[in-house]
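*Asks:* My questions will all concern the structure given below.
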Amino acid sequence: MNIPELQKAILQLKKEKNAYILAHNYQLPEIQDVADHVADSLGMARHALTIKEDLVVVCGVYFMAETVSILNPEKRILIPDTNAGCPLANFAPIEEVRRWRQHYPDHTFVAYVNSSAKVKAEVDICCTSANAVDIVRRVEGDKIVFLPDKNLGRYVQKRVPEKEIVLWPGFCVVHETADIEAIVKTKELHPDALVVVHPECPEEIQEMADGICSTGQMIQFVENHPETKEFIIVTEWGMVYALQKRFPDRVFIEPSHRMECKNMKRITLAKLYDSLKEEKFVVKVDEQIRQKAYKSIEKMLA
Ligand code: SF4
């Protein structure tokens, strides 16, 4: 089947099975077009709580499907490809997190949602790139261990200088490749464009930005700049499509060096179709882990 045929078949199956498709902003354009809701990870987690359907297909990486499952244990949660992992989450294996907890017994552990369910169960609270500054500012205690993203952690550190923050040495393999020269060249070609950067990018890239935003905040940023016609978007390219679709009268430009998350792009229309048809692959978090992880996410959502 070609793309339009697959999309039609997916929408038909979705209707027959009373299923819901939840997609991340970094998904392929053809996946975003058949999704019921497209958002960043905080948006997905929040939205998951409002879903009525019993069958939910998560088009994103594995920890996102786990998070939806943690929040909706009574629902059947599917992911079209179980190999769609997040290399950033893999920087923080549970054994290492437990070792750090012993080493830093007086610290509050804050985990970015890009972490496994087991790690979420082990830490004190979760955060996303949209709310990391607020969460760290508000948690009890002046000593924090922030994991697993050092770039997001450094971004938080600068904005919450009153707290002592120990950074976990992980990073996103996609945002780490953001290229200064490519951004400078793109800016030369579009001098009036505002540069919008994801906080998972390294510090020197953040310093070039007119706005540092999670993907959800990028939407807000564009809304807050009604006079600006062009934006250079320094994040995974799926977001450029999501923004262009939402704001057809503006222009969203990728830096000349494309940033692509191979794991996000593992989810294809054909896999989504098979997932819905055969109701595979089910993501279910062990109940004991789920309950503990739920507390960390619940605190964040509160
Ligand atoms: S873009 Fe980075 S953080 Fe997001 S899923 Fe891909 S590797 Fe993980």
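Derivation of every value follows stated rules applied to the coordinates shown; laboratory data play no part. What you see is a predicted model, and the numbers here were worked out from it, not measured in a lab. Positions of Cβ are generated from backbone atoms using ideal geometry, with glycine treated the same way; all protein chains shown enter the neighbour counts.
*Asks:* Taking only Cα atoms of the range 175-253, what ratio of Rg to Rh do you get with Rh as the Kirkwood inverse-distance radius?
*Replies:* Computed over Cα atoms, the ratio is 0.92.
*Asks:* Pick from PRO248, PRO80, PRO199: which is most flexible by mean-square fluctuation in a GNM of the chain where alpha carbon atoms under 10 Å apart are linked?
*Replies:* Per the Cα network of the chain with a 10 Å cutoff, PRO248 tops the list.
*Asks:* Now for a different question. May I ask you to derive the relative contact order of the range 88-173, considering only C-alpha pairs under 8 Å and at least 6 residues apart, and to give it as an integer percent? Mind showing how you got there, number by number?
*Replies:* Details: 149 pairs, mean separation 26.8, N = 86.
Once divided by the residue count of the range 88-173, the mean separation gives 31 percent.
*Asks:* Okay, moving on. Where the centre of each part is set by its Cα atoms, how far does the range 243-302 sit from the range 116-185, in angstrom?
*Replies:* 19
*Asks:* Given N residues in the range 31-135, what is its alpha carbon radius of gyration divided by 2.2 N^0.38 Å?
*Replies:* Dividing the Cα Rg of the range 31-135 by 2.2 N^0.38 Å gives 1.13.
*Asks:* Rounding to the nearest 20 debye, state how big the charge dipole of the chain is about its Cα centre with +1 on each Lys and Arg Cβ and -1 on each Asp and Glu Cβ.
*Replies:* Details: 39 positive and 45 negative charges, 171 e Å.
Roughly 820 debye for the chain.
*Asks:* Taking springs between alpha-carbon atoms closer than 10 angstrom, which of PHE63, PHE221, PHE109 fluctuates most in the Gaussian network model of the chain?
*Replies:* Most flexible of the set in this elastic network: PHE221.
*Asks:* Something else: Could you tell me the relative contact order of the range 175-253? Use alpha-carbon pairs under 8 Å, at least six residues apart, and round to a whole percent. Walk me through the intermediate numbers first.
*Replies:* On the way: 105 pairs, mean separation 23.9, N = 79.
Rounded, it is 30 percent for the range 175-253.
*Asks:* Another question, if that's okay. What are the semi-axes of the equivalent ellipsoid for the range 160-302, taken as the square roots of 5 times the Cα gyration tensor eigenvalues, largest first, in whole Å?
*Replies:* 31, 23, 16
*Asks:* Still on this structure, I have one more. Computed over the Cα atoms, what is the radius of gyration of the range 88-173 divided by 2.2 N^0.38 Å, N being its residue count?
*Replies:* Numbers: Rg = 11.3 Å, N = 86, 2.2 N^0.38 = 12.0 Å.
This ratio for the range 88-173 stands at 0.95.
*Asks:* Still on this model: Tell me, what does the Kirkwood hydrodynamic radius of the chain come to in angstroms if you use every pair of distinct C-alpha atoms?
*Replies:* Value: 19.7 Å, from the Cα pair sum.
*Asks:* For LYS15, list the lysines whose Cα falls under 25 Å from its own Cα; do not include residues on the same chain fewer than 8 positions away.
*Replies:* LYS15 reaches LYS52, LYS75, LYS245, LYS265, LYS271, LYS277, LYS280, LYS284.
*Asks:* Moving on to the next point. I need to check one value: relative contact order of the chain, counting alpha carbon pairs closer than 8 Å and at least 6 residues apart, in percent. Mind dumping the intermediate values first?
*Replies:* Numbers: 594 pairs, mean separation 69.9, N = 302.
Normalised by residue count, the contact order of the chain is 23 percent.
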